[in-house]
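These notes are about the structure you will find just below.
The values are calculated or read from the model by the stated rules, or taken from the named source; none is laboratory data. Bear in mind that the values here come from a model prediction, so they are computed numbers and not experimental data. Neighbour counts run over all protein chains shown; Cβ positions are idealised from the backbone, glycine included. Surface areas here come from the heavy atoms of the whole protein model, side chains and all, with no ligands, DNA or RNA. Shrake-Rupley method; radii C 1.70, N 1.55, O 1.52, S 1.80 Å.
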Amino acid sequence: MFKSNLCLYCSTPMMASYSWATFSWSYQKPLLCTSCEGKLAPISGTTCSICSRELPTAEVLCQDCSRWEQDGRWKGILGKNTSLYHYNDFMKELIALYKYRGDTALAEVFAGPLKKCLSVYKEALIVPIPLSDERLMERGFNQSEQLILKAGCKPVHLLARIHSEKQSKKTRRQRLELPQIFQFKSSSPIEGKQIVLVDDIYTTGSTLRHAAEILLESGASSVHSLTVAR
Ligand SMILES: [Zn+2]
Ligand SMILES: [Zn+2]
């Protein structure tokens, strides 16, 4: 009769709480138990106006973004990256289970907040960061595309990867000088369109900036991004 559902992370049974909200359209059954939910650390307060990094003082840009913005090639390339959560130990674990163990149901945890953020960009094309064919074969799904689908949006595939994913080991200088890692692969023009890139993690911002550069070169009017964690 009273069916309990399990926490998507730790499998603790959760009793569905029946209240008036159950019958309103906004009711959503909990996906994580209160203990797991409490380990999510939403990003709040003063943040970098480009990358969403929390800043101790009311500076406009973090050091990293200042450096990107001082570089002629990268200045103004990425509009605004919105990240939902801090990449803490729990988030690392959650994303690892999702991405590497293929527990795609976990994407539902982020679906509501992603949907809310995406609703701000009414006319935008929602574009997943592509994986290389090799990586896609190995993983079986594209984590960015799944996030968009779970958020109830339509992923528009505009990019293909021409270099592999191994970028994080590079130094900042190498990242600034890196040749383009994506190519534009759509037959429909994107002239004047606003784009929102979706990815799971914002690490150095290099991947998103490369994607944004190629989309702007292909005619997009602006490129923003939305990432689950940073
Ligand atoms: Zn739990
Ligand atoms: Zn920043």
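Observations
- Interchain or long-range residues, amide H under 5 Å from Val127's placed H: Val156, Val196, Leu197, Val198
- Once C-alpha pairs closer than 8 Å and six or more residues apart are averaged by separation and normalised to the residue number of the chain, the relative contact order reads 20 percent.
- When the listed pairs Lys39/Lys75; Lys39/Lys116; Lys39/Lys80; Lys92/Lys170 are checked against a 31 Å cut-off, the alpha-carbon distance exceeds it for Lys39/Lys75.
- When the square roots of the Cα gyration tensor eigenvalues are ordered a ≥ b ≥ c, the ratio a/c for segment 73-230 is under 1.5, which makes its shape rounded.
- For the chain: accessible area per residue (Å², 1.4 Å): 53 Å²
- At R0 = 41 Å, FRET efficiency that the Cβ-Cβ distance of Leu6 and Thr204 yields, to 0.05: 0.70
- Expressed as a whole percent, the accessible surface of the chain that belongs to carbon and sulfur atoms is 53, based on a 1.4 Å probe.
- Listed peptides 192-202, 148-158, 5-15 by packing density, highest first (mean Cβ within 10 Å): 192-202, 148-158, 5-15
- For Tyr87, the amide hydrogen comes within under 5 Å of the amide hydrogens of Arg230, counting only partners 5 or more places away or on other chains and with H modelled in the peptide plane.
- In segment 68-139, the GluC sites (Glu not before Pro) that fall in loop regions by DSSP, at most 16 other Cβ within 10 Å: Glu123
- The chain: antiparallel DSSP beta bridges as a percent of all, rounded to 5: 35 percent
- Relative contact order (%) - criterion: Cα under 8 Å, at least six apart; region: segment 139-230: 30 percent
- Around Lys39: net Lys/Arg minus Asp/Glu count, Cβ-Cβ under 14 Å: -2
- For segment 81-88, the Karplus equation 6.51 cos²θ - 1.76 cosθ + 1.60, evaluated at θ = phi - 60°, returns couplings of 9, 9, 10, 7, 10, 6, 7, 7 Hz by residue, with Gly and Pro reported as x.
- Antiparallel DSSP beta bridges within segment 117-200, as percent of all bridges there, nearest 5: 40 percent
- Summed residue charge, Cβ within 13 Å of Ala220's Cβ, Lys/Arg positive, Asp/Glu negative: -3
- Mean shadow area of segment 70-156, taken as a quarter of the surface of its Cα convex hull (nm²): 7.3 nm²
- Sequence-ordered 3J(HN,Hα) estimates for segment 97-102 from the Karplus curve with 6.51, -1.76 and 1.60 and θ = phi - 60° stand at 5, 5, 7, 8, 9, x Hz, glycine and proline given as x.
- Label-zone membership for segment 84-114, site Ala41, 7 angstrom Cα→C-beta point, backbone N under 18 Å: 84-96
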